[in-house]
Amino acid sequence: MAARGDVKLLLGKIVGVFGVEGWVKIESYAEPRARIFKYRPWFVTGVAGGSEKEFDGADGRAQGKGMIARLPGINDRDAAASLLGAEIRILRSVLPKPKRGEYYWIDLEGLSVVTVEGVELGRVSHLFATGANDVLVVRDGERERMIPYVTGQFVREVDLSGGRIVVDWDPEF
């Protein structure tokens with residue numbers, strides 16, 4: 001399995017402008033949301049017709065119910081407005097190393113999923129959160145399965161280096 005350190009992860013979006021000095025309103029997907037300012041550099045995509053621009057050293061804070069940011073070189077409202085709708089991405093490699101038994105979703109995407117009996121179920125397409133637990137979405141080309149990411153009960157083993165997840169799951173379900 002290829003190293004994922006150079007993969008760019010979606011971490012937020014520019015959703016508005018704030019004031020006249022180039023500040024932008026952002027939606028942060030980090031948890032807690034202010035953590036977005038700890039990661040550098042930001043790769044802002046969707047700028048000037050779909051191109052990408054790198055910003056190192058974004059500054060920001062909570063403002064009311066939202067977040068605002070100031071990007072280096074963006075010094076007026078017009079420049080800020082040109083970034084509306086752009087996505088904020090970071091390199092996977094800047095994230096802290098997860099604790100033992102914890103994984104970033106991006107590291108699970110693409111892994112092969114097999115049952116404890118060795119039946120191939122497909123590959124992890126993506127994950128999503130519910131109130132109770134996260135869910136693995138596994139696709140094999142013919143069908144899609146949603147497997148609760150509950151370690152011990154359904155997820156028995158995650159082998160990143162081997163590129164697979166072993167689950168206790170009925171292949172007919």
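The values are calculated or read from the model by the stated rules, or taken from the named source; none is laboratory data. What you see is a predicted model, and the numbers here were worked out from it, not measured in a lab. All Cβ positions, glycine included, derive from the backbone under ideal geometry; neighbour counts span all protein chains shown.
Brief remarks follow.
- The residue that is farthest from the chain's Cα centre (by Cα), counting only those in the range 50-78 that are hydrophobic (A, V, I, L, M, F, W, C) and modelled with pLDDT of 95 or more, is Ile74.
Results for (1) in contact with a Pro (Cβ under 7 Å, 6 or more places away or on another chain); (2) buried (at least 16 other Cβ atoms within 10 Å of the Cβ); (3) on the phi < 0 side of the Ramachandran plot; (4) not hydrophobic (A, V, I, L, M, F, W, C), shown as yes or no for each residue.
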| residue | (1), (2), (3), (4) |
| --- | --- |
| Glu21 | no, no, yes, yes |
| Lys25 | no, yes, yes, yes |
| Glu52 | no, no, yes, yes |
| Lys65 | no, no, yes, yes |
| Ala69 | no, yes, yes, no |
| Asn75 | no, no, yes, yes |
| Ala79 | no, no, yes, no |
| Leu84 | no, no, yes, no |
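- Among the residues of the range 152-166, none qualifies, meaning not one is within 16 Å of the chain's Cα centre (by Cα), surrounded by 12 or more Cβ atoms within 10 Å (Cβ to Cβ) and acidic (Asp, Glu).
- Against the list (1) within 20 Å of Ile36 (Cβ to Cβ); (2) of a type outside the set (Lys, Arg); (3) outside the structural domain of Trp42 (by TED's automatic domain parsing), the condition Glu117 fails is (1).
- Every condition in (1) modelled with pLDDT under 95; (2) of a type in the set (A, V, I, L, M, F, W, C); (3) surrounded by 10 or more Cβ atoms within 10 Å (Cβ to Cβ) holds for Ile147 except the one numbered (1).
- Matching residues in the range 95-110 - criterion: being surrounded by 13 or more Cβ atoms within 10 Å (Cβ to Cβ) and over 20 Å from Leu136 (Cα atoms): Leu95
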